[in-house]
């Protein structure tokens, strides 16, 4: 079967042939037509079967049939067949003229989505769409982001998060705290203590130690609960580190202590979730050498978590949003002003924070 280019060349040659015929006299064209019909009659009398009609010939016959009464001159096919070719030609024409689907986003935005997905291996389409919306004011659907993202192996953790009714109603004054484990390069176990605000999703404190005790934990909580604190409730599990003396000292600061039920990690779901995020985005990809190195890594990542990482639970939003924000563009994919995209590496380039700067 011939390609579209071959069909176009044949149609152009037919147009030149028609121009040559226009220069000839009418009597000459009629005589040639009668001469060809007499020869065609010999093939009809002998019952010679023509070869299969290709696509180019079909198009030529359809176009020529518009110029005269073709029903008496058609020999190689039935009239219904020619009408079917005519309808197929119209469908092909409108299929070429019609472009179904949404228009493609700009090539620069496609490249930016691929670059974000490549240099941030744990980011999904939701995270990239939130980055574009909050940092650049460009609104792109999740399906569009997924379309231009490189293929990734299955089995990545999802970003689902479920909240209890109690946490939704009292999130503004609740703190959640818990411990997680980190292994150093020399296989030494370090314990990371995390405190998060439920209302803003902001990590207010994070520290690590090799020997966690109730005294050390109480000191970490005292650094969080300052004189002008607004917290009303502290939620933790039933670990032996959280002794009764620690709870009494915290209640003396004006904060009520709530212990989660045994074997019920979902009661402290936000803190469990942020620990999972710390592991997935930080501790699973870097190996701390010492306690000071661990604190340095956590400090760098917490700044990114509080000031540069979008949180879907906030709408999406950022716990500590930047001072300069950009409104959403009217077109959705383009901005009227001229800006350049700047990428600031986090944790040695494992994550990146994106912002707009004047071009």
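The values are calculated or read from the model by the stated rules, or taken from the named source; none is laboratory data. Note that this is a predicted model, so its numbers are computed, not measured. A quick note on method: Cβ atoms are made from the backbone with ideal geometry, for glycine too, and the neighbour counts reach across all protein chains shown.
Could you check residue 218 against (1) part of a helix (DSSP H, G or I); (2) touching a residue at least 60 places away in the same chain (Cβ under 8 Å) and say which number it fails?
It is condition (2) that residue 218 fails.
Applying the selection to the stretch 79-109, what residues are crowded, with 16+ Cβ neighbours inside 10 Å and at pLDDT 90 or above?
Of everything in the stretch 79-109, just one residue is crowded, with 16+ Cβ neighbours inside 10 Å and at pLDDT 90 or above, namely 109.
Within the bounds of the stretch 238-259, is there any residue that is assigned to a loop (DSSP other than H, G, I, E, B), in contact (Cβ under 8 Å) with a residue 40 or more places away in the chain and in contact with a helix residue (DSSP H, G or I) (Cβ under 7 Å, 6 or more places away or on another chain)?
yes
Test residue 62 against the criterion of being within 21 Å of residue 16 (Cβ to Cβ), at pLDDT 75 or above, surrounded by 10 or more Cβ atoms within 10 Å (Cβ to Cβ) and touching a helix residue (DSSP H, G or I) at 6+ places or on another chain (Cβ under 9 Å), and give yes or no.
yes
Out of (1) assigned to a loop (DSSP other than H, G, I, E, B); (2) modelled with pLDDT of 85 or more; (3) exposed (fewer than 13 other Cβ atoms within 10 Å of the Cβ); (4) at negative phi, the odd one out for residue 187 is which?
Of the numbered conditions (1) assigned to a loop (DSSP other than H, G, I, E, B); (2) modelled with pLDDT of 85 or more; (3) exposed (fewer than 13 other Cβ atoms within 10 Å of the Cβ); (4) at negative phi, the odd one out for residue 187 is (4).
Here is a check on your reading of the model: is residue 129 surrounded by 14 or more Cβ atoms within 10 Å (Cβ to Cβ), at pLDDT below 90 and in contact with a helix residue (DSSP H, G or I) (Cβ under 9 Å, 6 or more places away or on another chain)?
Judged against the criteria, residue 129 is not a match.
Pairs under 8 Å by beta carbon, first residue under 15 Å from residue 309 (Cα atoms) in the stretch 279-290, partner in a helix (DSSP H, G or I), six or more apart or different chains?
Close Cβ pairs satisfying both conditions: 281/301; 282/297; 282/298; 282/301; 282/347.
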